[in-house]
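Each remark here refers to the structure printed beneath this line.
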Amino acid sequence: MQRFLLIISAFITGLTSCTGQSGRAQQERDFPVQKTEAEWRAELGDKAYYVLREEGTERAFTGKYNDFKKEGVFTCAGCGTPLFSSETKFDSGTGWPSFYDIVSDENVLEEEDRSFGGVRTEVVCGQCGGHLGHVFNDGPRPTGLRYCINSVSLNFEEKE
Ligand code: FE
């Protein structure tokens with residue numbers, strides 16, 4: 001019987017570490033902006049909820065900010081925090097809006113993402129924890145970084 005319980009508990013531990021859900025839930029409690037799932041769902045709508053709160057990805061070349069060249073600041077669609085400046089936006093050819101830098105270290109945080117069998121670096125809003133996209137090391141100078149971001153995670157405030 002004891003051996004059986006051991007096997008069961010090992011199985012459950014394996015399950016939770018595979019999905020990563022327990023870690024994610026833990027992080028979300030720590031973000032300054034807190035809303036219930038029902039509030040997020042109502043405020044964001046289906047597409048933005050799927051990307052920001054469920055770590056989804058919009059289809060390439062479908063987002064409103066992919067081919068977008070106005071001057072201003074891109075903010076979090078979940079909570080309004082400034083995230084990226086148009087000055088650091090570049091055409092990566094990937095089909096997603098891409099930036100080589102962030103507005104500040106507090107506003108955009110990095111998380112390890114082990115989904116899809118690899119290790120990528122996820123980027124999330126530092127205020128609400130919303131999923132923005134991923135950062136890669138193949139960007140242009142001066143940082144060499146490429147923040148690959150979902151349009152639906154962003155809003156835009158045009159420079160006056
Ligand atoms: Fe946010």
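The values are calculated or read from the model by the stated rules, or taken from the named source; none is laboratory data. Just so it is clear, the structure is predicted and the values come from calculations on it, not from any experiment. Please note: Cβ atoms are built from the backbone with ideal geometry, for glycine as well, and neighbour counts cover all protein chains shown. Each accessible area value is taken on the protein alone, full model and side chains, heavy atoms only, with ligands, DNA and RNA left out. Shrake-Rupley method; radii C 1.70, N 1.55, O 1.52, S 1.80 Å.
Residue count for the range 123-151 under the criterion of being touching a Ser or Thr at 6+ places or on another chain (Cβ under 9 Å) and within 16 Å of the ligand (Cβ to nearest atom): the result is 12. If you go through the range 66-81 and keep only what is open to solvent by 20 Å² or more (accessible area, probe 1.4 Å) and touching a residue at least 40 places away in the same chain (Cβ under 8 Å), you end up with Asn66, Phe68, Lys70, Glu71, Val73, Ala77, Cys79, Gly80.
The strands (runs of 3 or more DSSP E) found entirely in the range 84-160 include none that carry 3 or more residues being more than 17 Å from the chain's Cα centre (by Cα) and under 28 Å from Asp46 (Cβ atoms).
The residues on offer are Val108, Val103, Val119, and the sole one that is away from the ligand (no atom under 16 Å from the Cβ) and among the β-branched types (Val, Ile, Thr) is Val119. None of Glu87, Glu54, Glu43 is open to solvent by 60 Å² or more (accessible area, probe 1.4 Å) and either away from the ligand (no atom under 16 Å from the Cβ) or at pLDDT below 95 (or both) except Glu87.
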